[in-house]
Amino acid sequence: MPGFEVVRGGLAGSFRTIQANIHTLTEPLSDEQLWVKPYTYGNSIGNLILHITGNLNYFIGAQIAQTGYVRQRDQEFSGSGKPKAQLLSAFDQAIEMVVNTISKQSDSDWSAPYSAERTELKNRFSMVLKCAGHADHHIGQIIYLQRELLGKS
């Protein structure tokens, strides 16, 4: 059915855009800048990338692709100092897993029952769409943090 090809292509494209945005936003930053928290109440860019990576690996990887990933959510917000190359490599691996998983979903897989901790969503399509929106939300925060760190207005 062509409709589901559009869904798969649209979702995969959204995750590729998220990946490109993360790389563009982190490119001018040093390893040290990734872990700076410009505000005491917020997160660093590095923590947000760890969080997006953990979110994708858990909600799509562990629950749909059955990767065996075990999430350490608290460490997504407390981790620091990982070199940019390592941080982005783990993020890129998560994106590849997501895009691969999306491409393997049959038409009936999208409505397959879904359950996981910290969500009330009941099918795969809703969860994958939620993960894309969640990552986009954090991209907005990363844009703001990057501008603060680089002194841009």
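Please treat every number below as a calculation from the coordinates, not as lab data. What you see is a predicted model; the values in this text were computed from it and never measured. For neighbour counting, all protein chains shown are included, and Cβ atoms are generated from backbone atoms with ideal geometry for every residue, glycine included.
Observations, loosely collected:
- Wholly within segment 42-131, helices (runs of 4 or more DSSP H) carrying at least 3 residues that are within 14 Å of the chain's Cα centre (by Cα) and surrounded by fewer than 18 Cβ atoms within 10 Å (Cβ to Cβ): 84-104
- Looking across segment 1-22, the residues that are of a type in the set (V, I, T) and either surrounded by 16 or more Cβ atoms within 10 Å (Cβ to Cβ) or more than 13 Å from the chain's Cα centre (by Cα) (or both) come down to V6, V7, I18, I22.
- Residue in segment 132-141 that is surrounded by the most Cβ atoms within 10 Å (Cβ to Cβ), counting only those that are over 14 Å from G13 (Cβ atoms) and touching a residue at least 40 places away in the same chain (Cβ under 8 Å): H138
- Residue among L29, L25, L34 that alone is farther than 24 Å from N123 by Cβ, surrounded by fewer than 20 Cβ atoms within 10 Å (Cβ to Cβ), among the aliphatic types (A, V, I, L, M) and more than 15 Å from the chain's Cα centre (by Cα): L29
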